[in-house]
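Participant: Structure in structure tokens, see below.
The values are calculated or read from the model by the stated rules, or taken from the named source; none is laboratory data. Remember, predicted model here, so these are calculated numbers, not experimental data. Counting neighbours? That spans all protein chains shown, and the Cβs are built from the backbone with ideal geometry, glycine included. Note: areas computed on protein heavy atoms with side chains; ligands, DNA, RNA excluded. Shrake-Rupley method; radii C 1.70, N 1.55, O 1.52, S 1.80 Å.
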Amino acid sequence: MFYLWQFEHQLRKANKSFQKDYRAFLEQGHSEDEIESFIGKEYAKVLDAEKELDGAVGQLLLHEARSLDVGGPPAEDKTMWFQARGSKGFWLTSRGRAHVRKLIDEERGRRFEVKTRWVTKLILPLLAALIGIIGAITGLVAVLQHKK
């Protein structure tokens with residue numbers, strides 16, 4: 001979790017820096033072209049911070065999927081993966097992250113159903129039988145004690 005907080009902090013910092021620098025840039029009285037160029041450069045910084053956060057979230061999801069033995073999205077599907085600028089690795093898109101989350105939720109649901117089935121089909125009937133036997137033994141002991 002702390003891993004994600006670092007990226008979220010970087011994103012908040014980039015947004016705050018952009019707002020402060022933008023106000024200062026406007027007060028200096030630059031032309032429209034200079035303002036647009038400045039916005040483009042600052043927006044690219046914010047976009048890079050967002051991509052890093054998206055990549056971190058995607059990596060955590062893929063790690064969780066691997067731990068549950070669930071495969072990720074197909075590598076051939078370009079709507080699920082993107083390649084970051086200046087990087088050789090591929091990252092999950094928002095659609096890819098949603099797909100992996102769905103697979104994780106389905107696996108968790110399946111595992112919960114298996115555990116629930118064990119409880120309802122085996123453990124509860126055994127527990128009921130054991131309680132019945134204990135009740136019968138208690139009743140028998142009470143009857144035998146009453147005769148004496």
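Participant: Answer yes or no: is there a residue in segment 96-116 that is exposed (fewer than 10 other Cβ atoms within 10 Å of the Cβ) and within 20 Å of GLU50 (Cβ to Cβ).
Facilitator: Checking segment 96-116: not a single residue is exposed (fewer than 10 other Cβ atoms within 10 Å of the Cβ) and within 20 Å of GLU50 (Cβ to Cβ).
Participant: Would you mention how many residues in segment 71-92 are without any contact (Cβ under 8 Å) to a residue 24 or more places away in the chain and surrounded by 10 or more Cβ atoms within 10 Å (Cβ to Cβ)?
Facilitator: Looking only at that region, the number is 10.
Participant: Could you list, in sequence order, the residues of segment 40-70 that are modelled with pLDDT under 85, open to solvent by 50 Å² or more (accessible area, probe 1.4 Å) and either outside any helix (DSSP H, G or I) or among the hydrophobic types (A, V, I, L, M, F, W, C) (or both)?
Facilitator: LEU47
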